[in-house]
């Protein structure tokens, strides 16, 4: 009789492998962790193509978690119906489900010890978590992460929420820095405020 499928049940004290045959009969026996690991190692796993500048990717509880690096560039964010041409530093953008986190960096991360800085924008909490507002953010994944970043930077309406202590020169509101930098080509890195954490904090 041919095997139809198997059921793996993991208890604190033992792991059981149950074989279900085509006629519905079942054969159950214990399996050692070493044997289980050996069987799982034979399963081919692949992420497929990852987006450009992916820093890390993993899957947990059925959800993708992906972090990308976006180099310094000009963005066109909107605040109070004003469209800016704003130079911003490189950033780390992390998504899982519909939750997104962002930090600034002074250079492209090469190690988990890369220091993180607060991105000088409003609407980002102290822990880097983005306030999504009413913007239709997609579920984070390899195919959507860059769309989510563009929606945050250029499709959202920024306001004064969480705009304090995000830059050195204008600690009361990062929007004052935006007004100063509007139309310029390069972001001054000495404006960045340390977030007192490293990239590896986002990887756990």
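The values are calculated or read from the model by the stated rules, or taken from the named source; none is laboratory data. Note that this is a predicted model, so its numbers are computed, not measured. Because the Cβ atoms are built from the backbone with ideal geometry, glycine has one as well, and the counts that use them run over all protein chains shown.
Worth a mention:
- The single condition among (1) closer than 23 Å to residue 60 by Cα; (2) assigned to a loop (DSSP other than H, G, I, E, B); (3) at pLDDT 95 or above; (4) touching a strand residue (DSSP E or B) at 6+ places or on another chain (Cβ under 6 Å) that residue 141 does not satisfy is (3).
- Just one of the listed residues (127, 123) is in contact with a strand residue (DSSP E or B) (Cβ under 9 Å, 6 or more places away or on another chain) and surrounded by 14 or more Cβ atoms within 10 Å (Cβ to Cβ), namely 123.
- Qualifying residue in region 160-180 (condition: in contact (Cβ under 8 Å) with a residue 60 or more places away in the chain, touching a strand residue (DSSP E or B) at 6+ places or on another chain (Cβ under 7 Å) and part of a loop (DSSP other than H, G, I, E, B)): no
- Restricting region 144-155 to residues that are surrounded by 18 or more Cβ atoms within 10 Å (Cβ to Cβ) and either free of Cβ contacts under 8 Å to residues at least 60 places away in the same chain or out of contact with any strand residue (DSSP E or B) (no Cβ under 7 Å at 6 or more places or on another chain) (or both) leaves a set whose member that is farthest from residue 58 (Cα to Cα) is 152.
- Look at (1) farther than 25 Å from residue 133 by Cβ; (2) exposed (fewer than 15 other Cβ atoms within 10 Å of the Cβ); (3) modelled with pLDDT of 95 or more and you find that residue 203 fails only one, number (3).
- Check on residue 134, touching a strand residue (DSSP E or B) at 6+ places or on another chain (Cβ under 7 Å), farther than 21 Å from residue 67 by Cβ and outside any strand (DSSP E or B): no
- Only residues that are modelled with pLDDT of 90 or more and part of a helix (DSSP H, G or I) were counted across region 30-88, and they come to 0.
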